[in-house]
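The values are calculated or read from the model by the stated rules, or taken from the named source; none is laboratory data. All values reported here derive from a predicted model rather than from experimental measurement. Here the Cβ positions follow ideal geometry from the backbone for every residue, glycine too, while neighbour counts run over all protein chains shown. Keep in mind that these areas ignore ligands, DNA and RNA; they rest on the heavy atoms of the full protein, side chains included. Shrake-Rupley method; radii C 1.70, N 1.55, O 1.52, S 1.80 Å.
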Amino acid sequence: QKEVEQDPGPLSVPEGAIVSLNCTYSNSAFQYFMWYRQYSRKGPELLMYTYSSGNKEDGRFTAQVDKSSKYISLFIRDSQPSDSATYLCAMKQTGSARQLTFGSGTQLTVLP
Amino acid sequence: NAGVTQTPKFQVLKTGQSMTLQCAQDMNHNSMYWYRQDPGMGLRLIYYSASEGTTDKGEVPNGYNVSRLNKREFSLRLESAAPSQTSVYFCASSFSGTSGGANEQFFGPGTRLTVL
């Protein structure tokens with residue numbers, strides 16, 4: 001069983017829809033929860049991160065962490081065609097450990 | 001400010017050939033990483049270098065070697081390429097202090113490698 005599970009999609013939505021992307025994990029030591037966005041044939045780039053539980057909002061993007069359920073989500077409001085990309089969740093333990101554990105990514109297409 | 005650069009962008013090898021993937025960063029980061037990305041598998045860590053002069057194995061190190069040439073450069077070598085090493089390879093870097101933190105990693109554009 002993988003430490004981080006992510007539905008690979010693909011997910012296709014009309015422009016303006018609310019998108020929900022999710023990951024589950026099994027390692028209770030994870031404390032940092034990140035979302036990376038990867039456009040086709042490009043490297044991933046950090047979208048946002050959350051420490052421990054709670055919500056974090058940045059413009060149209062909201063990240064949620066539920067540590068009791070070991071479940072994280074990324075919501076995209078008013079989705080745009082430019083949001084079409086693969087979204088990868090990533091997690092890290094607290095302390096000096098540097099390694100990130102990535103989900104397999106969800107491919108999202110926003111149709112105009 | 002180029003960020004993380006990787007060369008080459010594409011490469012085709014025959015089984016048994018060797019090659020070195022090059023990576024450089026200009027952000028004065030102390031940690032560097034090599035990942036491979038395969039369909040359905042996400043990003044898997046091959047090797048990382050926490051600081052200049054140190055390297056450590058990641059999740060999938062077999063068949064690879066690395067060299068941290070200086071603070072800026074971190075290379076990945078395939079001594080005898082196998083078809084199972086067909087993948088997209090990403091280099092990343094981060095500024096990782098001893099206090100931990102989120103360790104935001106910055107990625108290069110990737111190298112697409114095919115081994116026939």
Filter result for residue A:8 (touching a Pro at 6+ places or on another chain (Cβ under 9 Å), within 14 Å of another protein chain (Cβ to nearest Cβ) and open to solvent by 50 Å² or more (accessible area, probe 1.4 Å)): yes
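Being within 11 Å of chain A (Cβ to nearest Cβ) and either in a strand (DSSP E or B) or among the acidic types (Asp, Glu) (or both): is that true of residue B:90 here? Don't jump to the end; show me each part of the working.
On the way: within 11 Å of chain A (Cβ to nearest Cβ): yes; either in a strand (DSSP E or B) or among the acidic types (Asp, Glu) (or both): yes.
Yes, satisfied.
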Some residue of the range A:100-111 being part of a strand (DSSP E or B), open to solvent by 70 Å² or more (accessible area, probe 1.4 Å) and more than 14 Å from chain B (Cβ to nearest Cβ): yes
Single unsatisfied condition, residue B:23 versus (1) farther than 16 Å from residue B:108 by Cα; (2) at pLDDT 95 or above; (3) open to solvent by less than 40 Å² (accessible area, probe 1.4 Å): (1)
Residues within the range B:35-52 that are exposed (fewer than 15 other Cβ atoms within 10 Å of the Cβ) and in contact (Cβ under 8 Å) with a residue 40 or more places away in the chain, tallied: 1
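Regarding the range A:61-74, can at least one residue be identified that is closer than 12 Å to residue A:108 by Cβ, more than 13 Å from chain B (Cβ to nearest Cβ), out of contact with any Gly (no Cβ under 6 Å at 6 or more places or on another chain) and not β-branched (Val, Ile, Thr)? Show your work before the answer.
Going residue by residue through the range A:61-74, those that are closer than 12 Å to residue A:108 by Cβ are A:74.
With more than 13 Å from chain B (Cβ to nearest Cβ) added as a condition, the list becomes A:74.
Still in the list and also out of contact with any Gly (no Cβ under 6 Å at 6 or more places or on another chain): A:74.
Still in the list and also not β-branched (Val, Ile, Thr): A:74.
Yes, the range A:61-74 has at least one match.
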Residues that are of a type in the set (Asp, Glu) and part of a loop (DSSP other than H, G, I, E, B), drawn from the range A:1-10: A:3, A:7
